[in-house]
Amino acid sequence: MGESGVVETLGWAAQDKSGHLAPFKFTRRATGPHDVKMKVTYCGICHSDLHQIRNDWRGSVFPMVPGHEVVGVVKEVGSEVDDFKVGQLIGVGCMVHSCHSCESCDNGLEQFCPKVVWTYNSVDTDGTPTYGGYSGELVCNRKFVLRMPENLPPDAAAPLLCAGITVYSPMKHFGMTEKGKSFGLVGLGGLGHMAVKFAKAFGLKVTIFSTSPAKEKEARGILGADEFILSTDKEKMKAAEKTIDYIIDTVSAVHTLDDYLALLKTNGKIILVGVPESPLQLSPTSVIFGRRFVGGSLIGGVAETQEMLDFCGKNNITCMIEKIPMSYVNTAMERLQKNDVKYRFVIDIENTLTSE
Amino acid sequence: MSRMGSDAHVPIEVFGYAAKDTTGHMSPFKFTRKPAGAEDVTLKVHYCGICHSDLHQLRGDWGNSKYPMVPGHEIVGTVTSVGSAVSKFKVGDTVGVGCMVYSCHNCDSCDKGLEQYCDKMVWTYNDVLPDGTATQGGYSTIMVANEKFVVHIPENLPKDAAAPLLCAGITIWSPMLYFGMNVKGAKFGVVGLGGLGHMAVKFGKAFGMHVTVFSTSPSKEKEARELLGADDFVVSRDEEAMNAKAKSLDFIINTISVQHSLNPYLSTLKSNGKMCLVGIPEKELSVLPVQLVAGRKMVAGSLIGGMKETEEMLEFCGKNNITCLVETLPVAECNTAMERLANNDVKYRFVLDLDSVQQ
């Protein structure tokens with residue numbers, strides 16, 4: 001216990017929208033009374049890291065240290081922190097602050113708080129920019145620190161903090177948990193493979209809709225999907241119409257919503273968790289006939305993230321990852337751009353973060 | 001009480017108005033209905049509301065029109081005879097028939113009282129029954145329907161003003177209940193102030209909600225506030241007024257039947273807000289995914305309502321004296337009414353008077 005001074009930290013940052021990442025020295029705040037200081041061991045690479053280092057969503061502020069799937073151990077706790085201990089395995093996800101006095105915060109939906117501060121590329125309450133987990137250390141308010149299950153390999157657990165919660169939250173909220181029901185997954189990437197894992201854990205019958213025939217073998221063999229349909233196969237898509245209870249749509253490119261709405265039974269739902277930049281077209285008849293709906297969902301609140309982590313610990317659920325050294329990160333970004341990863345890159349910060 | 005008419009096997013002669021082609025122009029039309037069966041209710045039609053979908057189908061807009069077509073699915077009349085197996089109705093009852101006249105009653109949707117989603121559902125007009133008979137609607141003097149698709153009309157409601165409840169009313173009522181858009185004190189938005197829209201305002205106020213109307217017509221504001229009780233009125237082309245409504249609404253019913261972008265309206269929803277589409281534009285609408293994702297919002301659709309919930313709605317309307325704002329015209333003026341409807345020149349539903357027909 002005890003507060004230290006401002007700490008110089010090493011991270012990797014992009015300096016402009018070329019997105020090229022390189023070593024970057026910066027400072028983290030002193031550990032305040034309510035803070036937890038974390039020595040980072042692993043950090044997952046999220047597709048939104050790629051978007052933001054390239055300023056795809058506009059609003060990127062450089063230099064930018066990305067990373068919001070951050071796992072590590074407690075190095076120091078503030079004087080008011082009694083629920084975390086030095087040496088404990090912890091994680092930090094996409095948020096580091098919210099107002100805790102609005103309807104969203106009261107409902108455990110900090111991600112919708114108008115004053116939410118993101119783990120990186122955001123402005124903290126003291127006016128300083130937030131820097132993420134592609135770095136050696138992180139200081140975070142205890143309200144946004146999560147307990148990682150001790151039985152899960154920390155590197156394979158890191159992507160739970162964004163990819164995991166991003167699909168777990170809507171699956172729970174929208175009731176996609178009824179054993180025996182038919183679940184559809186569109187897009188088999190980082191988010192998608194987690195959705196399949198959770199769906200199987202909930203006892204659902206899983207059909208994957210993908211544009212990549214190469215993914216079928218693993219989808220069935222390793223992830224346990226029951227069906228795999230190429231979305232370009234018009235005949236199979238037609239045969240699947242009105243057979244699915246609910247769909248999670250992870251696709252981040254423009255695509256035809258109507259094709260997937262047609263797959264839903266009456267009262268069916270499709271929830272978007274990917275964010276194509278351009279508008280999608282929706283035929284009203286696709287939702288009116290059959291009383292279906294299209295919704296969206298954004299990560300998850302802190303309490304439900306903890307609930308998900310505990311669930312994963314109990315059920316031995318982690319992500320399928322490719323662990324990489326820090327120096328590989330730019331190549332990883334290129335490969336991620338081409339969807340060339342099964343299914344999440346995780347940076348071995350502990351062993352490979354250097355100033356080279 | 002039930003009895004089988006002694007002329008049970010004779011087709012029933014009916015007088016109505018039908019279109020012969022996609023001009024949609026209607027003219028007097030004599031036709032017959034099949035003899036009423038054991039489960040059928042026969043009614044003398046007093047009034048039939050004009051629904052915007054009548055206009056679409058008369059003109060072949062949806063590519064599936066069959067002629068001659070007698071439209072009309074907001075039918076109110078008096079029972080003149082009932083089949084031997086009919087238990088819910090008796091001669092003299094004031095009853096209504098809405099958009100459906102058949103469903104399979106052997107599927108998940110039918111079991112749940114959601115006949116409108118039954119794969120085998122048959123529409124009141126411009127459709128075909130399992131035995132091959134073409135269905136003809138309520139712009140006619142006599143209607144025959146299976147009792148499963150007939151509802152009681154509360155006696156205290158004026159028959160003409162009650163007729164549009166059978167389509168416009170239930171189309172709004174059903175999603176408002178299903179999606180929980182009936183929370184006292186909640187902020188409710190109605191997009192488009194026509195037949196459907198004005199019912200949404202009425203139900204919204206009846207459920208104790210704060211109601212904002214979005215419309216392209218500034219001229220509708222006075223009546224929206226004074227007659228319908230809307231709390232707020234926003235002209236949707238007024239960017240400033242739209243921005244002022246950002247993140248303020250819990251729910252929206254969207255009745256617009258032309259192509260538009262959903263995004264300005266989605267912006268007015270709070271997080272976890274819901275929009276339900278009930279209008280049927282022919283073209284696709286634009287949705288920005290980030291609108292849905294960044295606030296966990298949803299865009300749903302809904303189609304009329306099932307029979308049980310139609311009865312519940314009518315009961316509610318009877319208790320709370322809710323009917324539609326109508327302009328009633330003799331059925332002979334149906335073509336004039338259609339022209340005016342095509343120009344949105346109606347407050348807010350035309351109702352055709354079938355009693356005006358000289359027998």
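The values are calculated or read from the model by the stated rules, or taken from the named source; none is laboratory data. Not measured: the values here are computed from a predicted model. So basically every Cβ, Gly included, is an ideal-geometry build from the backbone, and we count neighbours across all protein chains shown.
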- [ ] Scan the range A:159-181 residue by residue and report those that are within 14 Å of chain B (Cβ to nearest Cβ) and of a type in the set (S, T, N, Q).
- [x] A:THR166, A:SER169
- [ ] With the condition kept exactly as written, say whether any residue in the range B:271-289 is at pLDDT 95 or above and more than 14 Å from chain A (Cβ to nearest Cβ).
- [x] no
Task: Search result, residues across the range A:268-325 that are in contact (Cβ under 8 Å) with a residue 12 or more places away in the chain, assigned to a helix (DSSP H, G or I), more than 14 Å from the chain's Cα centre (by Cα) and within 14 Å of chain B (Cβ to nearest Cβ) - done: A:SER286, A:VAL287
TODO: Considering every residue within the range B:93-101, establish whether at least one is surrounded by fewer than 22 Cβ atoms within 10 Å (Cβ to Cβ) and more than 21 Å from the chain's Cα centre (by Cα).
DONE: yes
- [ ] Exactly one condition in (1) of a type in the set (Val, Ile, Thr); (2) in a loop (DSSP other than H, G, I, E, B); (3) over 27 Å from B:ASN335 (Cα atoms) is not met by B:THR80; state its number.
- [x] (2)
TODO: Identify, by number, the condition in (1) modelled with pLDDT of 95 or more; (2) surrounded by fewer than 17 Cβ atoms within 10 Å (Cβ to Cβ); (3) facing another protein chain (nearest Cβ under 10 Å) that A:VAL254 doesn't meet.
DONE: (1)
Task: Residue match in the range A:105-120 (condition: crowded, with 18+ Cβ neighbours inside 10 Å and within 16 Å of A:THR27 (Cβ to Cβ)) - done: yes
Open item on the list: Take B:GLU339 and tell me if it is more than 15 Å from the chain's Cα centre (by Cα), closer than 24 Å to B:THR124 by Cα, more than 14 Å from chain A (Cβ to nearest Cβ) and free of Cβ contacts under 8 Å to residues at least 24 places away in the same chain.
Closed with: yes
- [ ] Residue by residue through the range A:182-208, note down the ones that are within 14 Å of chain B (Cβ to nearest Cβ) and either surrounded by fewer than 24 Cβ atoms within 10 Å (Cβ to Cβ) or in contact with a Gly (Cβ under 6 Å, 6 or more places away or on another chain) (or both).
- [x] A:SER182
Open item on the list: I need the full set of residues from the range A:103-149 which are of a type outside the set (S, T, N, Q), in a helix (DSSP H, G or I) and within 14 Å of chain B (Cβ to nearest Cβ), in order please.
Closed with: A:GLU103, A:CYS105, A:ASP106, A:GLU110, A:PHE112
Task: Residue that is surrounded by the fewest Cβ atoms within 10 Å (Cβ to Cβ), among those in the range B:151-183 that are away from every other protein chain (no Cβ under 14 Å) and in contact with a Phe, Trp or Tyr (Cβ under 6 Å, 6 or more places away or on another chain) - done: B:ASN182
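Can you tell me which residues in the range A:120-159 are polar (S, T, N, Q) and touching a helix residue (DSSP H, G or I) at 6+ places or on another chain (Cβ under 8 Å)?
Here is the first cut: in the range A:120-159, the ones polar (S, T, N, Q) are A:121-122, A:125, A:128, A:130, A:135, A:141, A:151.
Answer for the range A:120-159, where residues must be polar (S, T, N, Q) and touching a helix residue (DSSP H, G or I) at 6+ places or on another chain (Cβ under 8 Å): A:ASN121, A:SER135, A:ASN151.
Just checking, which of B:VAL331, B:VAL357 is in contact with a Leu (Cβ under 6 Å, 6 or more places away or on another chain), under 30 Å from B:TYR17 (Cβ atoms) and away from chain A (no Cβ under 14 Å)?
Details: B:VAL357 fails: in contact with a Leu (Cβ under 6 Å, 6 or more places away or on another chain).
On inspection, the qualifying residue turns out to be B:VAL331.
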Task: Failed criterion for B:VAL258 (all others in (1) within 26 Å of the chain's Cα centre (by Cα); (2) within 10 Å of chain A (Cβ to nearest Cβ) hold) - done: (2)
TODO: Confirm whether A:LEU309 is closer than 27 Å to B:PHE179 by Cα and buried (at least 20 other Cβ atoms within 10 Å of the Cβ).
DONE: no
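Identify the residue in the range A:216-237 that is in a helix (DSSP H, G or I) and either without any contact (Cβ under 8 Å) to a residue 24 or more places away in the chain or within 21 Å of the chain's Cα centre (by Cα) (or both) and, among all such residues, is nearest to A:MET320 (Cα to Cα). Before the answer, list the steps.
So in the range A:216-237, the residues in a helix (DSSP H, G or I) come out as A:216-221, A:234-237.
With either without any contact (Cβ under 8 Å) to a residue 24 or more places away in the chain or within 21 Å of the chain's Cα centre (by Cα) (or both) added as a condition, the list becomes A:216-217, A:219-221, A:234-236.
Details: A:GLU216: 16, A:LYS217: 15, A:ALA219: 12, A:ARG220: 14, A:GLY221: 13, A:LYS234: 30, A:GLU235: 31, A:LYS236: 28 Å.
The extreme case among them is A:ALA219.
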- [ ] Output the number of the condition that B:ILE253 fails; it satisfies all remaining conditions of (1) assigned to a loop (DSSP other than H, G, I, E, B); (2) within 26 Å of the chain's Cα centre (by Cα); (3) within 13 Å of B:VAL191 (Cα to Cα); (4) not aromatic (Phe, Trp, Tyr).
- [x] (1)
